[in-house]
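Here is the structure we will look at, set down as C-alpha cells.
The values are calculated or read from the model by the stated rules, or taken from the named source; none is laboratory data. Computed from a predicted model, the values in this text were never measured in an experiment. Neighbour counts are summed over all protein chains in view; Cβ atoms, including those assigned to glycine, are modelled from backbone coordinates with ideal geometry. Remember, those area values only see protein heavy atoms, side chains included, never the ligands or the DNA or RNA. Shrake-Rupley method; radii C 1.70, N 1.55, O 1.52, S 1.80 Å.
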Amino acid sequence: AEKVLGYDLLSLCLEGPRAELDRTRHCQPAVFVASLAAVEKLNHQRPEVVESCVAAAGYSVGEFAALVFAGALGFAEALYAVKVRAEAMQKASEAVPSGMLSVIGRREANYKFACLEARKHCESLGIENPVCEISNYLFPDSRVIAGHLQALEFLQKNARKYYFTRTSMLPVSGAFHTRLMEPAVEPLAEVLKSIEIQKPLVCVYSNVDGKKYMHAKHIEKLLVKQVVSPVLWEQTMHSVYERKQGTEFPYTYEMGPGKQLGAVLKKCNLKAWKQYNHVDALEDEEAAET
C-alpha cells in the first residue's frame with residue numbers, strides 16, 4: 001500500500017494525526033486496506049469461512065474491497081483506483097461548501113419533500129442549482145441527506161416540521177454520492193478503463209442498484225456511477241438476505257474498522273443479524289496487550 005500511495009499508511013492509521021487520517025484522500029485508502037487486512041486475518045484464523053463464502057457487498061469505498069475479495073480486481077490496481085477516487089472526491093468537496101446529514105425520521109417523514117423545500121430555501125439565498133438529496137439509504141426510517149451546507153442547516157432547523165426525530169452532521173467534508181461529486185467521475189472512469197477487471201468468483205452486490213454484478217463492463221460502469229448515486233444499502237440488505245420462510249440465515253462477517261454495518265443489519269433484519277460477526281485486523285493484538 002505504501003508503494004502505491006507514496007506515504008506510510010500504516011503509521012498514519014496507528015499513530016495519526018487523526019485529522020489527517022479523517023481527510024477523504026487518506027480515509028478511503030485506509031478503510032479499503034484495513035478491510036482487506038481483516039479478510040487476511042480471518043483467512044488465517046478460519047480459512048473455511050473464506051472458502052465457503054457465497055456473496056460480498058461493500059459500503060461506498062468498501063465496494064472496491066469486496067470486489068478485490070471476490071477476485072474481480074487486483075489489490076494494487078484497486079488501491080490505485082481508490083487513491084484517484086479519494087483525491088478527486090476531496091477536490092470536489094473543497095470546491096463547494098457541502099456536507100452530509102444523518103437523519104432518523106418517524107414513519108410519516110417525507111425526505112424527498114424536505115429536500116425539495118431545502119433546495120428552494122437555497123435558491124432564495126441566491127445559490128444556483130442547489131443540491132440536497134438522499135445520498136444513503138441505511139435502514140427503515142434512516143437516511144443520509146447530502147448537499148449544500150445551507151440546505152442541511154435548513155433541515156436541521158426545521159427538523160420537527162418534516163418529522164425528523166434526530167439529525168446529526170457527519171464528520172465528512174463533502175456531499176458524497178450526489179451530483180456535487182461529478183468532478184470525480186472522469187478521473188475514476190479513466191483509471192478503471194486501464195485496469196483489468198474479471199467476473200467476480202462470488203456474488204458481489206452493487207451500491208447503485210442493490211443487485212449482483214453481472215460482468216466486468218458492468219463493474220466498470222457502476223463503480224463510476226456510484227460516486228454520484230445514492231448508496232442503496234437498505235435495499236442491498238433485502239437482496240442479500242431474502243429467504244423462503246424457514247430457511248436458515250447465513251453467517252455474516254463485517255470486515256475492517258467499525259461495526260456500523262452490523263448495526264444497520266440489526267435494524268434491517270434481526271434474524272440475519274443473529275449470525276453476525278465482526279473481524280478487525282487489530283482487535284486480538286489489542287486484547288493481548290491489555
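Here the contact order of the chain, divided by its residue count and restricted to Cα pairs under 8 Å and six or more residues apart, works out to 21 percent.
Phi-derived couplings, Karplus 6.51 cos²θ - 1.76 cosθ + 1.60 at θ = phi - 60°, listed residue by residue for segment 92-102: 4, 5, 6, 6, 9, x, 9, x, 9, 10, 7 Hz, with x used for Gly and Pro. With just the Cα atoms defining each centre, how far is segment 177-236 from segment 72-104? Give it in Å. Going from one Cα centre to the other spans 13 Å.
Note on surface exposure: GLU108, GLU133, GLU242 rank GLU242, GLU108, GLU133 by accessible area, highest first, 1.4 Å probe.
Taking every DSSP beta bridge with both residues inside segment 96-170, roughly what % is antiparallel (nearest 5)? Let's see the in-between values first.
Details: 18 of 18 bridges.
If we restrict to bridges inside segment 96-170, about 100 percent are antiparallel.
Rounded to the nearest 20, the Cβ-based charge dipole of the chain about its Cα centre (Lys and Arg +1, Asp and Glu -1) stands at 1340 debye. The figure for ARG23 is an accessible area of roughly 80 square angstrom, using a 1.4 Å probe on the protein chains alone.
The gain in end-to-end length when the LEU270 to ALA76 segment is fully stretched comes to 66.2 nm, 0.36 nm per residue minus the alpha carbon separation.
Accessible surface comparison of TYR162, TYR80, probe 1.4 Å, protein chains only, largest first: the order is TYR80, TYR162. The calculated Kirkwood hydrodynamic radius for the chain is 19.9 Å, given to one decimal from all distinct C-alpha pairs. Each part gets one Cα centre, and for segment 105-165 versus segment 17-41 those centres are 29 Å apart.
The heavy atoms of TRP273 offer some 80 square angstrom of accessible surface to a 1.4 angstrom probe. For the chain, modelled as a GNM whose springs connect Cα atoms under 10 angstrom apart, the maximal fluctuation among LEU152, LEU170, LEU14 occurs at LEU14. Note on the chain: with neighbouring protein chains present and a 1.4 Å probe, carbon and sulfur make up 53 percent of its accessible heavy-atom surface.
The mean sequence distance of close C-alpha pairs (under 8 Å, at least 6 residues apart), as a share of the length of segment 190-290, puts its relative contact order at 20 percent.
Over segment 1-77, what is the relative contact order in whole percent, taking alpha-carbon pairs under 8 Å and six or more residues apart?
24 percent
Note that the chain presents 52 Å² accessible area per residue, ligands and nucleic acids not counted, probe 1.4 Å.
Computed 3J(HN,Hα) for segment 186-193, one whole-Hz value per residue from the Karplus formula 6.51 cos²θ - 1.76 cosθ + 1.60 where θ = phi - 60°, is 4, x, 5, 4, 4, 5, 5, 4, glycine and proline marked x. How would you classify segment 180-238 from its alpha-carbon gyration tensor, with a ≥ b ≥ c the square roots of the eigenvalues: rounded for a/c under 1.5, else prolate if a/b is greater than b/c, otherwise oblate? Since a/c reaches 1.5 but b/c is at least a/b, the shape of segment 180-238 is classed as oblate. Dipole of the chain computed with +1 at Lys/Arg Cβ and -1 at Asp/Glu Cβ about the Cα centre; of ALA1, ALA86, MET169, farthest Cα towards the positive end is MET169.
Computed from phi, the 3J(HN,Hα) profile of segment 54-65 under the Karplus parametrisation 6.51, -1.76, 1.60 (θ = phi - 60°) reads 10, 7, 9, 8, x, 8, 6, 5, x, 5, 5, 5 Hz, with x in place of Gly and Pro.
What shape does segment 119-268 take by its C-alpha gyration tensor, where a ≥ b ≥ c are the square roots of the eigenvalues and a/c under 1.5 counts as rounded, a/b above b/c as prolate, and the rest as oblate? In terms of gyration-tensor shape, oblate.
Quick note on segment 96-170: its Rg to Rh ratio, both from C-alpha atoms and Rh being the Kirkwood radius, is 0.94. In terms of Cα atoms, the Rg and Dmax of segment 21-131 work out to 19.2, 59 Å. Computed with a 1.4 Å probe on the full set of protein chains, the accessible area for PHE154 sits at about 40 Å². The GNM of the chain, with springs linking C-alpha atoms under 10 angstrom apart, assigns the highest mean-square fluctuation among VAL264, VAL231, VAL82 to VAL264.
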